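Working notes for the structure below.
Nothing in this text is a laboratory measurement; each read-out follows from the coordinates by a stated rule. Only a predicted model underlies this, so the values are computations on that prediction, with no experimental measurement involved. So basically every Cβ, Gly included, is an ideal-geometry build from the backbone, and we count neighbours across all protein chains shown.
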């Protein structure tokens, strides 16, 4: 029940305080590519890695589809770096609340299935994913995607929390193609 209370607080926090000048979801539609870096703690050691990113945001009925691929470059020697590809697509539906969307499938974070939602605050579209592991430890990831005034450049800020502790952060700059 405590985890459910945390989820409800997180959802309420993301819904409250909507800005008067929120961009419409259609302002985020497009294909963006760019680079960034991630840092975090892995096995007790600080690690950092370069990232190439590809993000496509599009209409999905009355909702929105956010698809992204991250190419993680591991190793310090550019000529022999291992590249790991990670792709995710989430389709959100409108909730009836302004600027708030929820993943189309009815997710249950207690069975290991992610619960995902999104919200617009000003020029930023943030997606959240919450999941509870078999051990009862929760993870919350967020991707804040902020458009510049012309809508051509997207700043990305990623954060991963595990039981409230920061595990990984990433920053990137992407350009609309």
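One chain, two ends: residue 104 and residue 26. Fully extended at 0.36 nm per residue, the span grows by 26.3 nm beyond their Cα-Cα distance.
Of 57, 25, 137, the sequence from fewest to most neighbouring Cβ atoms within 10 angstrom is 137, 25, 57. Compared with the direct C-alpha span, the chain from residue 177 to residue 72 gains 35.7 nm at full extension, assuming 0.36 nm per residue. Between rounded, prolate and oblate, where does the stretch 51-177 land on the alpha carbon gyration tensor, with a ≥ b ≥ c its root eigenvalues, rounded for a/c under 1.5, else prolate if a/b exceeds b/c? Judged from the Cα gyration tensor, the stretch 51-177 comes out oblate (a/c at least 1.5, b/c at or above a/b).
The peptide list 114-120, 127-133, put in order of mean Cβ contacts within 10 Å with the highest first, becomes 114-120, 127-133.
Ranked by the mean number of other Cβ atoms within 10 Å of their residues, highest first, the peptides 31-37, 147-153 fall in the order 31-37, 147-153. Once the Cβ-Cβ distance of residue 162 and residue 93 is raised to the sixth power relative to R0 = 30 Å, the FRET efficiency obtained is 0.60. Shown for 157, 53: other C-beta atoms within 10 Å of each C-beta, ranked fewest to most, produce the order 157, 53.
Spin-label model, residue 135 to residue 150: label points 7 Å out along the Cα-to-beta-carbon direction sit 4.8 nm apart.
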